[in-house]
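**Q** Got a structure here, written out as structure tokens. Questions coming.
Nothing in this text is a laboratory measurement; each read-out follows from the coordinates by a stated rule. Keep in mind that this is a model prediction, so the values were computed, not measured. FYI the Cβ positions are ideal-geometry reconstructions off the backbone, even for glycines, and counts take in every protein chain you see.
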Amino acid sequence: MPWTKLFSNGMAMPEPPPANTEFQTVTGPAVSRADAEAVVADSLDTGGLNLNQKIDSQLGGGPDPEHAKGIVPDCSGMTYDACEATLEAAGFLGILTKTTIPAEDAQDELGENSVVDTRPQGGAPHNKYGRIEVLVNPPALVGYTLDELADADEMVARNPTLRDSPTSELPVLKARQIMRKCQALLLRAAISLKSKCKGRPILIIGRDAYEAARHDARAIATYPKWVELHRRGRVGFNSSWNRNTYPCTLGKTREDIVQECDEYPFGASFEGFFGSATTPFPSVEMISRAHNKREGRVLQHFYSNNLMGKPGRNPKSKPILFPGCGWNLAANPTPTEPNVQSPTPVEDSDYLLIPMPFAKFDSIGLCNVFR
């Protein structure tokens, strides 16, 4: 068995390695914070690239770092065993983990127990000695109902963001997956399905902000009603409160170079605006800095008048491929007393946050097409 070095995967609670994993300590030259920050800045919005591993490979960690990088092969539709063999043949010899995705995230067209995708996804650069997560369909698939199919067709017909999408994902398949996920989350939250999935703006956080989407999903599973949020500006929001909340209070380590403290619900929402004074208390996790910033850019774009394709301040950033909704910033003004919650958010400021970390498409916003 080849030696294996366990890199951090940037997650708040990484899975333990298999019991039979062999390790060898590998040392490299010291990494300055400035160098690490430069790697992070160059890697923003790469959609699944493990930044800890990129720092290790680019700045001296691992054996012969210049030859430790490769392109992840596409495993879509394979069995898990076939994917494992394909990755090994391509020289990826690090930690491999298998994640069976929830039924509402399954891609029926690939079949039961088929590999849906990997993180990092196929075609992305990655350290050959790093961790790769293989996403697999559940063993039993449930076909779409007639209502789901009809609703998905209507979503495609009325929404140019889906209909004219420049991505290779077929719009009708994407719409079916979004509709199924939306209805599953609203069912758990005891919220009317028809009036929400078809009648309100929806923001889907996809694979380009994978770790942020995973955190959002865990938070919504804990408190299902957080699937529905209300837009508000951040004026008066205390953006540092979460840094004093566990696990963000952990001591300074090299991990902090490429991780940030992420909160859900968002500070730019009625449900999360009051930070530590919010009831119920928001969820807080340390996640990849790149994925945290990507989700922040996507959310800001969703709230704004920006056109699709705008790359942002960093010219290397992945463009956001949907138009913003352009809501009025005054929809939920900050109350005079910052510690007093206003009684009720404005109705038309509501939207649904649908985390889809296992999807094969990036984050996408659907505005008022069904209003």
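**Q** Going 7 Å from the Cα of Ala140 along its beta-carbon direction, which residues of the range 101-125 have the amide nitrogen within less than 15 Å of the resulting point?
**A** Counting backbone N atoms under 15 Å from the label point, the list is 102-104, 112-113.
**Q** Using a Förster distance of 25 angstrom, determine the FRET efficiency expected from the C-beta separation of Tyr223 and Glu112, and round it to 0.05.
**A** Once rounded, the FRET efficiency stands at 0.20.
**Q** Further question: Multiply the residue gap between Ala82 and Ala124 by 0.36 nm, knock off their C-alpha separation, and tell me the result in nm, one decimal place. Display every interim value, and only then the final one.
**A** Details: separation 42, 0.36 × 42 = 15.12 nm, distance 1.90 nm.
Gain on extension, Ala82 to Ala124, equals 13.2 nm.
**Q** Okay, next question. What ranking do 129-139, 107-117 get when scored by the average of other Cβ atoms within 10 Å per residue, highest first? Kindly include the intermediate steps, with their values, before the conclusion.
**A** Working: 129-139: 21.5, 107-117: 17.6.
Ranking the peptides 129-139, 107-117 by packing returns 129-139, 107-117.
**Q** Just to be sure I understand the model, the point goes 7 Å from the Cα along the line to the Cβ. What's the resulting Thr97 to Asn244 distance in nm?
**A** Output for this residue pair reads 3.2 nm.
**Q** Under the rule of at least 5 residues apart or a separate chain, name every residue whose amide H is placed under 5 Å from the amide H of Phe322.
**A** Correct list: Gly309.
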